[in-house]
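Readers should treat all values here as calculations from the given coordinates under stated rules, not as data from a laboratory. Keep in mind that this is a model prediction, so the values were computed, not measured. Heads up, the Cβs are rebuilt from the backbone with ideal geometry, glycines too, and the neighbour counts pull from every protein chain shown.
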Amino acid sequence: MNRMNIAVFCSANNNIDPDYFHAAEELGRWIGENGHTLVYGGGNSGLMECIVGAVHEAGGRTIGVIPRIMEEGRRMSDYVDIEIPCEDLSDRKAIMMERSDEFYALPGGIGTIDEVFTVAAAATIGYHRKEGYTSQCKRLLG
């Protein structure tokens, strides 16, 4: 199996269904145990902190793409191995698409929905041919 950089978009909210934390932990453990690298938004709360902690504990590497406003507010996880600072959420999406081989989404809010559709739209018009949820989005939307 090739080692991949796997982007995961997900919630930074701590007040969500515990089953979602279990799913984030499972995915993070799989990423780490299989020698992959997590590329994510760099946050230290919610599913973001859960998945990055699971990757770290399983021996995987982590890349946090962190908007300056989060960095200034000290909302970056201590589990981030490589920090990539960026200006804003648009920069974060662009950097995550560039640095990742596959994309996955866990439950999240409006930011996660924005990320999902940005990556899917970029694939639709030919900016990338990377795997992950984009094929499922295309099927859902027709």
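Quick rundown of the values:
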{"item": "For residue 77, net neighbour charge (Lys/Arg +1, Asp/Glu -1) across residues whose Cβ lies under 12 Å away", "result": "-3"}
{"item": "Share, in percent, of DSSP beta bridges within the chain that are antiparallel, nearest 5", "result": "5"}
{"item": "Prolate/oblate/rounded call for region 1-104, Cα gyration tensor, a/c under 1.5 rounded", "result": "oblate"}
{"item": "Radius 13 Å from Cβ of residue 31, net charge of other residues (Lys, Arg +1; Asp, Glu -1)", "result": "-4"}
{"item": "Other-chain or far-sequence residues with amide H under 5 Å of residue 61's (modelled H)", "result": "38"}
{"item": "Cα-centred dipole magnitude for the chain, charges only on beta-carbon of K, R (+1) and D, E (-1), debye, nearest 20", "result": "460"}
{"item": "Sequence ranges 43-51, 90-98, ranked by mean other-Cβ count within 10 angstrom, highest first", "result": "43-51, 90-98"}
{"item": "Signed unit charges on C-beta, dipole axis of the chain, positive-most listed residue 59, 103, 35", "result": "103"}
{"item": "Protection proxy ranking of 26-33, 5-12 - average other beta-carbon atoms within 10 Å, highest first", "result": "5-12, 26-33"}
{"item": "For region 4-142: relative contact order, % (alpha-carbon pairs under 8 angstrom, 6 or more apart)", "result": "27"}
{"item": "FRET E, pair residue 71, residue 33, Förster distance 25 Å, beta-carbon r, rounded to 0.05", "result": "0.30"}
